[in-house]
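Engineer: Sharing a structure below in structure tokens format, with a few things to ask.
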Amino acid sequence: MTASPPPTTAEELRGAGLRVTAARVALLETVRAGDHLDVEAIASGIRHRVGHISLQAVYEALHALTAAGLVRRIEPAGHPARYEGRVGDNHHHIVCRSCGTVADVDCAVGDAPCLTASDDRGFAIDEAEVVYWGVCPDCSTGRSS
């Protein structure tokens, strides 16, 4: 039995109930190829793939793709929003206080232990957002990134 090929970006958009446009395809592919990109970097990636797009259109598409669960938005305190294509799991992030680099960090132990709060106050918890802060290896050795 052969495995079916993964869905195309257009099929994923359709599956999420979104209209397929060249800009949305380029946006999703740019985010997935990048590493915690800000809006300017995403806009640049889209423009490289399809030509002109306004920042407003990028924001609107990001909102739609985030709401559909195809893109995840993170916003570390004091930093602009970043977007990533790693969705559907409960991973966390580590941020460099010096240069702002963001990296993924899996849950520390077991199956999403951070989802078990000491007192859930009656909430049905389905996600936890943990941000670790520190200094990246490049900044701690005096190199710039």
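The values are calculated or read from the model by the stated rules, or taken from the named source; none is laboratory data. This one's a predicted model, so the numbers in the text were calculated from it and none came from an experiment. Cβ: placed from backbone, ideal geometry, glycine included. Neighbour counts: every protein chain shown. Side chains included, ligands, DNA and RNA excluded: accessible areas come from the protein's heavy atoms. Shrake-Rupley method; radii C 1.70, N 1.55, O 1.52, S 1.80 Å.
Engineer: With the full set of protein chains in place, find how many percent of the accessible area of the range 1-129 is carbon and sulfur; take the probe as 1.4 Å.
Structural biologist: Values: 4030 of 7850 Å².
About 51 percent, which is the carbon plus sulfur part of the accessible surface.
Engineer: What size of dipole, in debye to the nearest 20, comes out for the chain about its Cα centre when the only charges are +1 on Lys and Arg C-beta atoms and -1 on Asp and Glu C-beta atoms?
Structural biologist: 600
Engineer: Same structure again: With the cut-off at 19 Å, report for the chain the share of all Cα pairs above it, as a whole percent. Working shown, then result.
Structural biologist: On the way: 6316 of 10440 pairs.
Result for the distance tail: 60 percent.
Engineer: Quick one: the Cα spread of the range 1-58 along its three principal axes, in angstroms, biggest first?
Structural biologist: The Cα atoms of the range 1-58 stretch 44, 24, 17 Å along their principal axes.
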